[in-house]
Every structure is written in structure tokens, then in C-alpha cells.
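For reference, the structure discussed in these notes is given below.
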Amino acid sequence: MAETFFQVVVRYTVKSGEVDTVLALLGEMAAATRQEAANVSYDFFQGAEDPDHIVILERYTDAEGFAAHREYEHIARIGASQIIPRLASRSIQTFANPTDS
């Protein structure tokens, strides 16, 4: 049976003049998130054509691990308090492995 994961894809459009700050904060967020027990990976990328667009790829052992991630203090301290106010928009999509037949 294949190993299962819970994938999260987050897309940010950053407000003008805030990209460097958001990227630095995402570095802090990545370091903290990678220490979580259920985190498998956390990486972020800046748009090649549009540097105000950032995509974050997060992988957890399961949906419960992602739910736990949202309760960590670094989410409130870095994400909600410092990153979100610097965004023009954001979207979050979640994906689960299909069940083996």
C-alpha cells in the first residue's frame, strides 16, 4: 500500500512593496513548521513572471496533522499577525491521496 500524505497548496498575492518582508517571514515560518511532528515538508516559491505571487507547498502525514499545524503559536505570531496583513489575496487548497482500490 502506498504511503499517504495530506498536501496543502497556498497562493499569496503580496501587496506592493511587501514582498521582501513576506519572503523573510516565510523563511521563519518554514523553519518553525518543519519542526512540527506531522510536517513532512514546507517549501515556498516566488513567481518567476510575477514576483508578487508566492506559492507555498506544505505536506503533512494526514489531515489531523494539518489541523494541528494551524494551532501552533508561530501561525498566530508570524502568519496571522505579520504575513496576512501584507497580502492582497490568498487561497488555500487541500489534497488527500486517493484511497487505494
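Charge tally around H53: other residues with Cβ under 13 Å, Lys/Arg +1 each, Asp/Glu -1 each, net -1.
Only Lys, Arg, Asp and Glu count, each charged at its Cβ (+1, +1, -1, -1), so figure out the dipole size of segment 23-63 about its Cα centre, rounded to 20 debye.
My answer is approximately 200 debye.
Start at zero, step by 5 Å, and the Cα-Cα distances of segment 1-54 spread as 4, 16, 24, 22, 14, 10, 6, 2, 1, 0 percent across the bins. In degrees, nearest 10, range 0 to 90: what is the angle between the Cα axis of helix 19-33 and the longest Cα principal axis of the chain? So the helix axis and the longest Cα principal axis differ by about 30 degrees. Counting charges near L25 (Lys, Arg +1; Asp, Glu -1) among other residues having Cβ under 12 Å from its Cβ returns a value of -1. With the simple model of a label 7 Å out from the Cα in the direction of the Cβ, E73 to T21 spans 2.3 nm. Tell me, what is the percent relative contact order of the chain, built from C-alpha pairs under 8 Å that lie six or more residues apart? Dividing the mean separation by the residue count of the chain yields 46 percent.
Simple spin-label estimate for R34 and S91 gives 2.8 nm between the two label positions (7 Å along the Cα-to-Cβ direction from each Cα). Binning the alpha carbon pair distances of the chain at 5 angstrom intervals from zero yields the distribution 3, 12, 23, 25, 17, 11, 6, 3, 1, 0, expressed in whole percent.
At a probe radius of 1.4 angstrom, the accessible area of the chain per residue rounds to 60 square angstrom.
Under unit Cβ charges (Lys, Arg +1; Asp, Glu -1), what dipole magnitude, rounded to 20 debye, does the chain have relative to its Cα centre?
Around 280 debye, computed over the chain.
Each Lys and Arg contributes +1 and each Asp and Glu -1, all at the Cβ; summed about the Cα centre of segment 1-40, the dipole is approximately 120 debye.
Extent of segment 45-93 along its three principal axes (Cα atoms, max minus min coordinate, largest first): 34, 23, 14 Å.
The values are calculated or read from the model by the stated rules, or taken from the named source; none is laboratory data. Since the model is a prediction, treat every value here as computed from it, not as a measurement. A quick note on method: Cβ atoms are made from the backbone with ideal geometry, for glycine too, and the neighbour counts reach across all protein chains shown. With ligands, DNA and RNA removed, areas are computed over all heavy atoms of the protein, side chains included. Shrake-Rupley method; radii C 1.70, N 1.55, O 1.52, S 1.80 Å.
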